[in-house]
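A short worksheet on the structure shown next.
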Amino acid sequence: MIVEILGHAFTLKGTMSSESLQAVAREVDAHLRELQRAFPARPLSDLAILAALNLAYECLESKEDHQLLQTEIETRSKQLIQILEASDSAFLPGP
């Protein structure tokens, strides 16, 4: 599949769907264009490194957010299980 980033064509191969590869290319292109506007005199290699750092930071933040949500889900699930187990025992007939 061929994608375009900053007017340059790149041939990509991977296990992702074509739509996903296009979305990734658009994201990289958008980041690079934003950096070009902010730093017009910087060489493309510098902009590529800045874009990579920005995208890696966003990825790291997402992973941290995901981990926090997963921990919260596990905690709440355990609390709900305890509540359900306590309510089940309240309805069990006694000896």
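Quick one: count up the residues across segment 12-59 that are among the hydroxyl-bearing types (Ser, Thr, Tyr) and loosely packed, with under 10 Cβ neighbours inside 10 Å.
Restricting attention to segment 12-59, the residues satisfying the condition of being among the hydroxyl-bearing types (Ser, Thr, Tyr) are 15, 17-18, 20, 45, 57.
Remaining after also requiring loosely packed, with under 10 Cβ neighbours inside 10 Å: 15, 45.
Of the residues in that region, 2 qualify.
Out of all the residues in segment 34-49, which are farther than 13 Å from LEU6 by Cα and of a type in the set (Gly, Ala, Ser)?
ALA38, ALA41
What is the residue count in segment 26-50 for residues that are over 16 Å from HIS8 (Cβ atoms), of a type outside the set (A, V, I, L, M, F, W, C) and not in a loop (DSSP other than H, G, I, E, B)?
Residues flagged as over 16 Å from HIS8 (Cβ atoms), of a type outside the set (A, V, I, L, M, F, W, C) and not in a loop (DSSP other than H, G, I, E, B) within segment 26-50 amount to 3.
Let me spell it out: the conditions are (1) part of a helix (DSSP H, G or I); (2) loosely packed, with under 13 Cβ neighbours inside 10 Å, and ALA9 meets all of them except one. Which number is the exception?
(1)
If you go through segment 4-36 one residue at a time, how many are more than 14 Å from LEU55 (Cβ to Cβ), among the aliphatic types (A, V, I, L, M) and either modelled with pLDDT under 95 or out of contact with any strand residue (DSSP E or B) (no Cβ under 7 Å at 6 or more places or on another chain) (or both)? Working first, answer last.
Pass one, segment 4-36, residues more than 14 Å from LEU55 (Cβ to Cβ): 4, 6-22, 36.
Checking which are among the aliphatic types (A, V, I, L, M) leaves us with 6, 9, 12, 16, 21.
Remaining after also requiring either modelled with pLDDT under 95 or out of contact with any strand residue (DSSP E or B) (no Cβ under 7 Å at 6 or more places or on another chain) (or both): 6, 12, 16, 21.
Summing the residues that are more than 14 Å from LEU55 (Cβ to Cβ), among the aliphatic types (A, V, I, L, M) and either modelled with pLDDT under 95 or out of contact with any strand residue (DSSP E or B) (no Cβ under 7 Å at 6 or more places or on another chain) (or both) in segment 4-36 gives 4.
For GLN82, which of the numbered conditions (1) assigned to a helix (DSSP H, G or I); (2) surrounded by 10 or more Cβ atoms within 10 Å (Cβ to Cβ); (3) at pLDDT 95 or above; (4) not aliphatic (A, V, I, L, M) fails to hold?
Just one mismatch for GLN82, condition (3).
The values are calculated or read from the model by the stated rules, or taken from the named source; none is laboratory data. Every value quoted in this text rests on a predicted model; they were computed, and no experiment measured them. As a convention, Cβ positions derive from the backbone with ideal geometry for all residues, glycine included, and neighbour counts pool all protein chains shown.
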